Amino acid sequence: AMNTDHFFLALFLHPMCRRFAIFPVSEHSRSFEDVQCISLALAKRWDWPMETASQLMTELTTYRNNRKPFDGASSSAIEWWRNLVACSNDSPLKCMAMNLLQMTPHAAEVERLFSSLGTIHSPRRTRLGVTTMEQLGRL
């Protein structure tokens, strides 16, 4: 439920997680091409001109490869993007990252799932395995 496009892109835009976000570990893994598609969809939604979208694609590749000005890392993604040498007006990637990382995520859907599982996983039923919990949650 948390593997949405925007959460995935935000994970990729965290400077310490850029490699982790696109590392193929399961069938749910995403690729750099997914990053590009999601970014282009956001650029289109935000009515960015074609030149800006093209520059965004170039900057995404530079960021993925950890090249200047997108080299280095920090535990605070928002601070890292704020302190980046590139100006937000000249860097569409920095602009996108700042907009995405400043949004406050909500977990209403996940909380709803846990609430519905509360009747299944009670103090009396604590021996249920993960697989059984997943199957009951899908029901």
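The values are calculated or read from the model by the stated rules, or taken from the named source; none is laboratory data. Everything numeric in this text was worked out from a predicted model, so none of it was measured. Here the Cβ is made from the backbone with ideal geometry for all residues, glycine too, and neighbour counts use every protein chain on show. Accessible surface is based on the protein model in full, side chains and every heavy atom, while ligands, DNA and RNA are left aside. Shrake-Rupley method; radii C 1.70, N 1.55, O 1.52, S 1.80 Å.
Observations, loosely collected:
- R0 of 22 Å, Cβ-Cβ distance CYS37-ASN66: FRET efficiency to nearest 0.05: 0.55
- Surface exposure of the stretch 1-91, expressed per residue as accessible area with a 1.4 Å probe, stands at 62 Å².
- Accessible surface of the stretch 5-63, 1.4 Å probe, proportion on carbon and sulfur as whole %: 61
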